[in-house]
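The values are calculated or read from the model by the stated rules, or taken from the named source; none is laboratory data. All of these numbers come straight from a predicted model, not from anything done at the bench. Here Cβ is always computed from backbone atoms with ideal geometry, including for glycine, and neighbour counts include all displayed protein chains. When the accessible area is computed, the model is the full protein with side chains, heavy atoms only, and any ligands, DNA or RNA have been set aside. Shrake-Rupley method; radii C 1.70, N 1.55, O 1.52, S 1.80 Å.
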Amino acid sequence: MTAKKIFILNGPNLNRLGTREPHIYGKETLVDLEKRCRVKAKTLGLELEFRQTNFEGVLVESVHDAIDHAHGIIINPAGLTFTSVPIMDSLKMFDGPKVELHISNVHTREAVYHNSLMSKVVTAVMAGFGTSGYLLALDWMAERLSAEK
């Protein structure tokens, strides 16, 4: 049986995890987070594609790659969550389960963080679990995909 492939896509400034506002985003680096996600994915029998970009078009192209090669998407579009119609439109084209993920609880932050374009087109939203939200999203994705057999 072939492992189900999950794309974890990270948007702008997430490459600065560990140093960027650690009181909000924690002290774990993106490299450390990727390692944790890879271990978790392996235990769940999932194959993982983990990407980060600071550029909107590259994130759109990553969603396009997922359309062709993935069973599920976990996406933290970061600041593009609230502004990017192109990312939202690309996510609409993906037929599998999609999780919008935020490290902080965006609903308790400034008003600019309250209106997600992505929430309108994803299957589920996770916010406020810190970097552990990625692991929880992988658990959910594995459960969801196994139920679709």
request  = Just name the residue that is least open to solvent (accessible area, probe 1.4 Å) out of those in region 74-119 that are of a type in the set (Asp, Glu) and either over 25 Å from LEU44 (Cβ atoms) or in a helix (DSSP H, G or I) (or both).
outcome  = ASP89
ask   = Within region 59-73, is even one residue open to solvent by 50 Å² or more (accessible area, probe 1.4 Å) and modelled with pLDDT under 95?
value = no
query = If we keep just the residues of region 10-43 that are open to solvent by 60 Å² or more (accessible area, probe 1.4 Å) and of a type outside the set (D, E, K, R), which is nearest to GLY130 (Cα to Cα)?
reply = HIS23
VAL122 vs. criteria open to solvent by 30 Å² or more (accessible area, probe 1.4 Å) and of a type in the set (Val, Ile, Thr) = no
query = If the Cβ limit is 9 Å and pairs must be 6+ apart or interchain, which residue in region 126-143 that is touching a residue at least 60 places away in the same chain (Cβ under 8 Å) and closer than 15 Å to HIS23 by Cα pairs with which residue that is part of a helix (DSSP H, G or I) and open to solvent by 30 Å² or more (accessible area, probe 1.4 Å)?
reply = THR131/ASP32; THR131/ARG36
Residues within region 36-73 that are part of a helix (DSSP H, G or I) and either in contact with a helix residue (DSSP H, G or I) (Cβ under 7 Å, 6 or more places away or on another chain) or without any contact (Cβ under 8 Å) to a residue 40 or more places away in the chain (or both), tallied = 19
